[in-house]
Structures are given as structure tokens and as C-alpha cells.
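Structure, as C-alpha cells:
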């Protein structure tokens with residue numbers, strides 16, 4: 001995954017800064033180092049806090065039958081390496097998450113979750129010319145990138161100018177975008193419920 005230069009430039013514009021230049025990157029200026037630091041953290045923060053519709057995946061889980069299960073749940077499943085936010089199991093079955101393991105009484109569990117595009121460590125190919133070679137995310141919805149742009153700008157406002165008022169304004173704007181995305185996700189879940197009860201209600205979900 002590479003930094004989206006256009007997105008970053010819009011974030012910089014929001015805080016009154018000049019666009020990122022090739023020289024900034026080549027010489028690793030303070031501006032570039034801060035952007036690279038905040039970009040990934042903002043990306044991961046967004047995916048772990050909001051069920052972005054275009055980031056959702058379904059995957060059958062494989063039970064870990066060798067590890068010791070010290071819980072009262074019948075099955076333990078390692079989470080997918082790219083799981084940023086677990087949403088629900090089939091039939092809205094109950095589950096809990098400890099660390100990187102999901103526990104449930106559901107046999108042959110299928111998980112709906114938000115992906116951050118992280119690549120499994122055993123992958124042979126990691127593009128070393130990428131800014132973040134361990135991530136290969138899908139294309140998310142426009143609102144996701146709008147959130148990243150605005151939330152990143154709020155962080156840069158504090159870093160570059162310590163302007164608390166501008167930070168709060170941008171932070172509030174980002175939260176509004178996130179709230180709209182959550183509403184859209186819930187609306188989609190309601191539509192699914194009408195057509196297929198597999199992914200309906202919000203109740204009975206542990207670890208969400």
C-alpha cells in the first residue's frame with residue numbers, strides 16, 4: 001500500500017500547509033515523516049472503529065484443535081490476519097474475542113468482518129517499494145477516504161500548529177463522516193435482514 005498523495009495534499013491544504021513534494025520524500029523531511037507515521041495509524045484506526053460497507057468480507061473460519069481452550073466455549077478460531085473489526089457470525093451466533101482468537105459454540109463458523117488488507121506473514125511476495133508493503137487493501141468507498149483525509153488533517157493540525165480549535169473542528173467533521181458510514185452499514189444490514197435472515201439483527205454479538 002502506498003500513501004495517497006492527492007489525499008495527503010488535501011489534508012495539508014485543510015491545515016494551511018503546502019503540498020507534499022518529491023523532495024520532501026527523497027530527503028525524508030519532518031513533514032513527510034509525520035505524514036507517513038499518521039497515515040497508517042489513521043488508516044487502521046478508521047477500519048477498527050467503523051464497519052465500512054466496502055471493507056466487509058465473509059470467510060469460513062478454521063477451528064484450532066491443537067491449542068488449549070481454557071474457556072467454556074466449544075470452539076476456538078484464529079482470526080483472519082486482515083481482520084480489523086469482527087462484526088458477526090452466521091445466524092448472529094454469540095462469540096467473544098480474546099487477543100487474536102474468536103471463541104464460540106458455533107461449529108463451522110463463518111465470520112463477517114472489516115478487512116484492513118494486511119498480508120499474511122507467510123506470503124512470499126511483499127512489494128518492497130511500497131510505503132507499507134505488509135498491506136494490500138481493497139478499494140474502499142469514497143466516504144472512507146474522505147474520513148481519512150479529514151482525520152489525518154486533524155492530527156496534522158495539532159502537530160504543525162498546535163491549533164486546538166482547528167483540530168476540534170476537523171475531528172468533529174471526521175466523526176460526522178464516520179457516523180454517516182455507520183448508519184449506512186446498519187441500513188444495509190436491515191435490507192439484508194428483509195431478504196435473508198443470515199445477517200440481520202444486532203443482538204447476541206460478542207466482541208463487536
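The values are calculated or read from the model by the stated rules, or taken from the named source; none is laboratory data. Because the structure is a prediction, the values reported are computed rather than measured. Ideal geometry is used to build each Cβ from the backbone, glycine not excepted, and the neighbour counts take in all protein chains shown.
Of the residues 62, 35, which single one is under 27 Å from the mean Cα position of the chain (by Cα) and surrounded by fewer than 14 Cβ atoms within 10 Å (Cβ to Cβ)? First the steps, then the outcome.
On the way: 35 fails: surrounded by fewer than 14 Cβ atoms within 10 Å (Cβ to Cβ).
Checking each option against the conditions leaves just 62.
So residue 82 ticks every box in (1) crowded, with 18+ Cβ neighbours inside 10 Å; (2) touching a residue at least 60 places away in the same chain (Cβ under 8 Å); (3) under 22 Å from residue 178 (Cβ atoms) but one. Which box is left unticked?
Failed condition: (2).
In the stretch 16-47, which residues are in contact with a helix residue (DSSP H, G or I) (Cβ under 7 Å, 6 or more places away or on another chain) and within 29 Å of residue 185 (Cβ to Cβ)?
35, 38, 39, 42, 43, 46, 47
Among the residues of the stretch 14-30, are any in a loop (DSSP other than H, G, I, E, B), closer than 29 Å to residue 182 by Cα and not assigned by TED's automatic domain parsing to the domain that holds residue 180?
Among the residues of the stretch 14-30, not one is in a loop (DSSP other than H, G, I, E, B), closer than 29 Å to residue 182 by Cα and not assigned by TED's automatic domain parsing to the domain that holds residue 180, which makes the answer no.
Restricted to the stretch 82-99, and to residues that are modelled with pLDDT of 95 or more and either assigned by TED's automatic domain parsing to the domain that holds residue 45 or assigned to a loop (DSSP other than H, G, I, E, B) (or both), which residue is nearest to residue 119 (Cα to Cα)?
It comes out as 82.
Among 103, 140, which is the only one that is assigned to a loop (DSSP other than H, G, I, E, B) and either under 13 Å from residue 51 (Cβ atoms) or modelled with pLDDT of 95 or more (or both)?
140
Considering (1) in contact (Cβ under 8 Å) with a residue 24 or more places away in the chain; (2) in the same structural domain as residue 148 (by TED's automatic domain parsing), say which one residue 73 fails and leave the rest.
(2)
Take residue 50 and decide whether it is in contact with a helix residue (DSSP H, G or I) (Cβ under 6 Å, 6 or more places away or on another chain), surrounded by 15 or more Cβ atoms within 10 Å (Cβ to Cβ) and farther than 27 Å from residue 26 by Cα.
yes
Of (1) over 22 Å from the mean Cα position of the chain (by Cα); (2) part of a loop (DSSP other than H, G, I, E, B); (3) modelled with pLDDT under 95, residue 193 satisfies all except one. Which?
Going through the list (1) over 22 Å from the mean Cα position of the chain (by Cα); (2) part of a loop (DSSP other than H, G, I, E, B); (3) modelled with pLDDT under 95, residue 193 breaks only (2).
If I filter the stretch 45-74 down to residues being touching a strand residue (DSSP E or B) at 6+ places or on another chain (Cβ under 7 Å) and not in a loop (DSSP other than H, G, I, E, B), which single residue comes out as nearest to residue 99 (Cα to Cα)?
48
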